[in-house]
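Colleague: Quick one: this structure, given as structure tokens, is what I'll be asking you about.
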């Protein structure tokens, strides 16, 4: 007798071992038809899985997250099936599920073309329509190696060969195609209806640049047609907002092969940069931070003491001088401790807050570089707070409140909070960890924040809070963090004199609000689709004349506004006014002032706001007041 406990607590008894599909059928025909798999005692399995003992079972359908993952996993196999059907000489390698979809890597004699992708997607739909059953079988490792070698699938044979001898491996077959896989998979190909192939990219075999370059085909798959269409619409909007595209169109920056992973900022882009940096500098000044500046190049012995040399060496740029080895700093924290150590510090000096716009360099792999979002040289709004254990909670509370205001000023209202707690491998006493974790959680509660717990995701030296932004498209960007560090002050021998007259170790709080300025500016560009708010826009006002008769008046307007601190573009070109308005609109200026004979005669300006909004004629004083209010309100 096998007893099955369902999610609602009800029981079903079977006289003999029973499959997940049979349990679903016993509940109802509708559920049997919808079932993609099952969750047996927490493990996701195929519908063909046989339950041989008492167990808890939940039927997995397309409405479940596990069901969607099965759809995507099975669609990756469908992709490989179609590729092998159309291009028999292609070899299949690996094809995992990723966020929103899947990919599969192939070895083939020539690059796949866009036309190939269309043909593959069409063939996938035809194979899915056959509704062929997906069947699992198990082979001994060596037998599976011989099986795939005989088919000419040498990559699969290599993967299986890396599995310990004596183990069995599972294979899944649909129609004429069979693939190595742990599963689980949907019951038949007919369950795969809503998918699209997206692009082809290069990928090294096993991620090693010394190996063959393979072709990676990316795809997306969803449970319903509407979800697929919503995702494709979101991607279209994301493409329009791509900071690399807008960076070119708005003349903000460029990336050059002469300096891979580094940014060339153009005048308008650097104006935007300065807007962000100067705003953050005022945040430092208004919240008790002392700005410092550390050197770019530091002897490797410091990095050995901090542990970075052992754990991070391959990501550090190094140089040599007079037989000494140095590294370009990948982070600012050790330098701040060296500053802290200059002179004797007392408990009366704590908390001591240092801030730095510190330029860092990390040797990121070229394949991971992405516009200004991921670069090799970047500047952080880096800060470190030296405090006592009793000061952790109030400092974190103040930091969270400050971070919320900064994000709101930049146009972000939705923040996700996560507390990462102690990992198994860590330093420090349990008592210190208890105190630090509770301080982080209590500070968030005091801020009125709902938060998630990421068990075991803290750093080895202490727990942390991660602050993740949600942008206009619902995408998530982890930018801010505050981390409790017991280790680095110990490693670098930082001390303060306590109230008892004895020497004590300070706690070090690593904190950042925007993180990398380059990355944050990329996020800002995409958040606002390049239409930056007035206070950040590189050019805030365009002044356009209709004919040469208004040129001198336009110069007066431009000078008046510039004297008020506004960034003005004076356009006196001999072009049609409709052409000039369109051109400045494409540059996403917040305001365009148009001046003709009537405006000149009345001493006014015709105001157009971004989005082709005609605000009518107003005095220059009235316009100045309006844009001043925009800037003051960060609107």
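Colleague: So which of 278, 229 is without any contact (Cβ under 8 Å) to a residue 24 or more places away in the chain, surrounded by 13 or more Cβ atoms within 10 Å (Cβ to Cβ) and either touching a helix residue (DSSP H, G or I) at 6+ places or on another chain (Cβ under 6 Å) or assigned to a helix (DSSP H, G or I) (or both)? Step through it out loud before you land on a result.
Modeller: Details: 278 fails: surrounded by 13 or more Cβ atoms within 10 Å (Cβ to Cβ).
Only one candidate qualifies: 229.
Colleague: Something else now. Test residue 256 against the criterion of being at pLDDT below 95 and under 30 Å from residue 569 (Cα atoms), and give yes or no.
Modeller: Working: at pLDDT below 95: yes; under 30 Å from residue 569 (Cα atoms): yes.
Spelling it out, residue 256 is indeed at pLDDT below 95 and under 30 Å from residue 569 (Cα atoms).
Colleague: Run down 521, 453 and say which single residue is under 28 Å from residue 372 (Cβ atoms) and within 28 Å of the chain's Cα centre (by Cα). Working first, answer last.
Modeller: Values: 453 fails: under 28 Å from residue 372 (Cβ atoms).
Selected residue: 521, the only one of 521, 453 that is under 28 Å from residue 372 (Cβ atoms) and within 28 Å of the chain's Cα centre (by Cα).
Colleague: Which one of these is closer than 25 Å to residue 354 by Cβ and touching a strand residue (DSSP E or B) at 6+ places or on another chain (Cβ under 7 Å): 494, 420, 454, 439?
Modeller: Working: 494 fails: touching a strand residue (DSSP E or B) at 6+ places or on another chain (Cβ under 7 Å); 454 fails: closer than 25 Å to residue 354 by Cβ; 439 fails: touching a strand residue (DSSP E or B) at 6+ places or on another chain (Cβ under 7 Å).
None of the other options fit; the residue is 420.
Colleague: If you don't mind, there's one more thing I want to ask. Going through 2, 23 one at a time, which residue ends up being closer than 24 Å to residue 223 by Cα, in contact with a strand residue (DSSP E or B) (Cβ under 8 Å, 6 or more places away or on another chain), modelled with pLDDT under 95 and surrounded by 13 or more Cβ atoms within 10 Å (Cβ to Cβ)? Talk me through it step by step, then tell me what you get.
Modeller: Values: 2 fails: closer than 24 Å to residue 223 by Cα.
So the residue among 2, 23 that is closer than 24 Å to residue 223 by Cα, in contact with a strand residue (DSSP E or B) (Cβ under 8 Å, 6 or more places away or on another chain), modelled with pLDDT under 95 and surrounded by 13 or more Cβ atoms within 10 Å (Cβ to Cβ) is 23.
Colleague: Follow-up question, since we're still on this one. Considering region 292-344 alone, what residues qualify as being under 14 Å from residue 493 (Cα atoms), out of contact with any strand residue (DSSP E or B) (no Cβ under 9 Å at 6 or more places or on another chain) and buried (at least 16 other Cβ atoms within 10 Å of the Cβ)?
Modeller: Scanning region 292-344 gives a single hit, 306.
Colleague: When residue 593 is evaluated against the numbered criteria (1) within 26 Å of residue 411 (Cα to Cα); (2) in a helix (DSSP H, G or I); (3) in contact with a strand residue (DSSP E or B) (Cβ under 8 Å, 6 or more places away or on another chain), which criterion, by number, is the only one it fails?
Modeller: If we test residue 593 against (1) within 26 Å of residue 411 (Cα to Cα); (2) in a helix (DSSP H, G or I); (3) in contact with a strand residue (DSSP E or B) (Cβ under 8 Å, 6 or more places away or on another chain), just (2) comes out false.
Colleague: Tell me which residues, restricted to region 497-523, are over 27 Å from residue 443 (Cβ atoms), out of contact with any strand residue (DSSP E or B) (no Cβ under 7 Å at 6 or more places or on another chain) and touching a residue at least 40 places away in the same chain (Cβ under 8 Å).
Modeller: 521, 522 - these are the residues of region 497-523 that are over 27 Å from residue 443 (Cβ atoms), out of contact with any strand residue (DSSP E or B) (no Cβ under 7 Å at 6 or more places or on another chain) and touching a residue at least 40 places away in the same chain (Cβ under 8 Å).
Colleague: Restricting to region 605-635, and then to whatever is in contact with a helix residue (DSSP H, G or I) (Cβ under 8 Å, 6 or more places away or on another chain) and in a helix (DSSP H, G or I), can you tell me which residue is surrounded by the fewest Cβ atoms within 10 Å (Cβ to Cβ)?
Modeller: The extreme case among them is 624.
Colleague: Here's a follow-up. Looking only at region 99-120, which residues are surrounded by fewer than 17 Cβ atoms within 10 Å (Cβ to Cβ), under 23 Å from residue 156 (Cα atoms) and in contact (Cβ under 8 Å) with a residue 24 or more places away in the chain?
Modeller: 108, 111
Colleague: Would you be able to say whether some residue in region 597-604 is surrounded by 14 or more Cβ atoms within 10 Å (Cβ to Cβ), free of Cβ contacts under 8 Å to residues at least 40 places away in the same chain and either over 26 Å from residue 548 (Cβ atoms) or touching a strand residue (DSSP E or B) at 6+ places or on another chain (Cβ under 9 Å) (or both)?
Modeller: Taking region 597-604 and keeping what is surrounded by 14 or more Cβ atoms within 10 Å (Cβ to Cβ), we get 599-600, 604.
Those left that are additionally free of Cβ contacts under 8 Å to residues at least 40 places away in the same chain: 604.
Cutting the leftovers down to either over 26 Å from residue 548 (Cβ atoms) or touching a strand residue (DSSP E or B) at 6+ places or on another chain (Cβ under 9 Å) (or both) gives us 604.
Yes.
Colleague: Which of the residues that make up region 437-448 are surrounded by fewer than 16 Cβ atoms within 10 Å (Cβ to Cβ) and either in contact with a helix residue (DSSP H, G or I) (Cβ under 6 Å, 6 or more places away or on another chain) or assigned to a helix (DSSP H, G or I) (or both)? First the steps, then the outcome.
Modeller: Just the residues of region 437-448 that are surrounded by fewer than 16 Cβ atoms within 10 Å (Cβ to Cβ), to begin with: 438, 442, 445-446, 448.
Matches in region 437-448: 438, 442, 445, 446.
Colleague: Just a yes or no: is a residue in region 371-381 more than 30 Å from residue 209 (Cβ to Cβ), out of contact with any strand residue (DSSP E or B) (no Cβ under 8 Å at 6 or more places or on another chain) and buried (at least 18 other Cβ atoms within 10 Å of the Cβ)? Working first, answer last.
Modeller: From region 371-381, those more than 30 Å from residue 209 (Cβ to Cβ) are 381; that's our starting set.
Applying the additional criterion that residues be out of contact with any strand residue (DSSP E or B) (no Cβ under 8 Å at 6 or more places or on another chain) yields none.
Scanning region 371-381, I find no residue that is more than 30 Å from residue 209 (Cβ to Cβ), out of contact with any strand residue (DSSP E or B) (no Cβ under 8 Å at 6 or more places or on another chain) and buried (at least 18 other Cβ atoms within 10 Å of the Cβ), so the answer is no.
Colleague: Only one of (1) on the phi > 0 side of the Ramachandran plot; (2) in a helix (DSSP H, G or I) is not met by residue 520, so which one is it?
Modeller: (1)
Colleague: Further question: Select from region 52-65 the residues that are in contact with a strand residue (DSSP E or B) (Cβ under 8 Å, 6 or more places away or on another chain) and either under 12 Å from residue 6 (Cβ atoms) or assigned to a helix (DSSP H, G or I) (or both) and list them in ascending order.
Modeller: 55, 56, 57, 58, 59
Colleague: Turning to a different aspect of this structure: Can you pull out the residues in region 407-436 that are buried (at least 17 other Cβ atoms within 10 Å of the Cβ), at pLDDT 95 or above and part of a helix (DSSP H, G or I)?
Modeller: Result: 407, single match.
Colleague: Considering 298, 337, 344, which residue is over 28 Å from the mean Cα position of the chain (by Cα), free of Cβ contacts under 8 Å to residues at least 60 places away in the same chain and either within 22 Å of residue 486 (Cβ to Cβ) or not in a helix (DSSP H, G or I) (or both)?
Modeller: Working: 337 fails: free of Cβ contacts under 8 Å to residues at least 60 places away in the same chain; 344 fails: free of Cβ contacts under 8 Å to residues at least 60 places away in the same chain.
Criteria check complete, one pass: 298.
Colleague: Working carefully through the options 210, 182, 206, 248, find the one that is in a helix (DSSP H, G or I), within 29 Å of the chain's Cα centre (by Cα), more than 30 Å from residue 528 (Cα to Cα) and free of Cβ contacts under 8 Å to residues at least 60 places away in the same chain. Let's see the steps before the verdict.
Modeller: Values: 210 fails: in a helix (DSSP H, G or I); 182 fails: in a helix (DSSP H, G or I); 248 fails: more than 30 Å from residue 528 (Cα to Cα).
Only one candidate passes the filter, namely 206.
Colleague: What is the number of the single condition among (1) touching a residue at least 12 places away in the same chain (Cβ under 8 Å); (2) over 20 Å from residue 359 (Cα atoms); (3) part of a helix (DSSP H, G or I) that residue 271 does not meet?
Modeller: Condition not satisfied by residue 271: (2).
The values are calculated or read from the model by the stated rules, or taken from the named source; none is laboratory data. The model shown is predicted, which means the values in this text are computed figures rather than measured ones. Backbone-built Cβ (ideal geometry, glycine too); neighbour counts: all protein chains shown.
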